[in-house]
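Visitor: This is the structure I have questions about; it appears just below.
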Amino acid sequence: MMTRRIMLSGAAAAAPGVAVAQAIGCAHAYACRNSNTLQLLDGDRVTHAFRAAFGRETGAKRIRDDARTPVGVYRLHPARRSSRWKWFLPIDYPNARDVADGRSRGLTRMQLGDEIGINAHGDWPPVDLIAGHGMGWNWTAGCISVSDAEIEIVRAFVQVPIPLLIDP
């Protein structure tokens, strides 16, 4: 049986300063808020890259409703139907590391939040909302969002839980 471990892949050298999580012998995903990208990888080969929206606020998620996207290594799960977003691929936030960090800050698991994942954004946010309210590209409450067409590709790629590295 092959053991899975997280390591830096050769793709990190191709994008200076960017660490890519790679589970040996399987597909994985990499999301980077600084470049607003979501990448799907097979080994060290990028198979798909998308422009992605992240949480409105910068920094790692610390508590429910802080409008931040979690940072770290997570599991990305297969898609489920969503009445609001068409498809939703859950991320295992909060994971054991997040729960331990929360406890050290006196927070319960419930206070950390949940329902974080990758979703489609359709035509959201509308251009007039961005212009009228000074809103930037990052608009989510903590999720990672791609276009309706792209979520179909992500959904097809993630048929079993896969590792996902989210960088700030």
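Visitor: One quarter of the convex hull surface, Cα atoms only: what value does that give for region 27-167 in nm²? Before the final figure, lay out each step's value.
Guide: Working: hull surface 34.0 nm².
Taking a quarter of the hull surface, the average projection is 8.5 nm².
Visitor: Same structure again: Report the extension gain between ASP65 and ASP148 in nm, rounded to one decimal, defined as 0.36 nm multiplied by the number of residues separating them, less their alpha carbon distance. Walk me through the numbers on the way to the answer.
Guide: Numbers: separation 83, 0.36 × 83 = 29.88 nm, distance 2.45 nm.
Stretched out fully, the ASP65 to ASP148 stretch lengthens by 27.4 nm.
Visitor: Okay, moving on. Give, in nm to one decimal, the length gained when the segment between ALA49 and ARG80 is fully stretched (0.36 nm per residue of separation minus the Cα-Cα distance). Intermediate values should be presented prior to the final figure.
Guide: On the way: separation 31, 0.36 × 31 = 11.16 nm, distance 2.14 nm.
Answer, rounded to one decimal: 9.0 nm.
Any read-out appearing in this document is the output of simple, stated calculations on the displayed coordinates, not a laboratory observation. Predicted model only: the values in this text are computed from it and were never measured.
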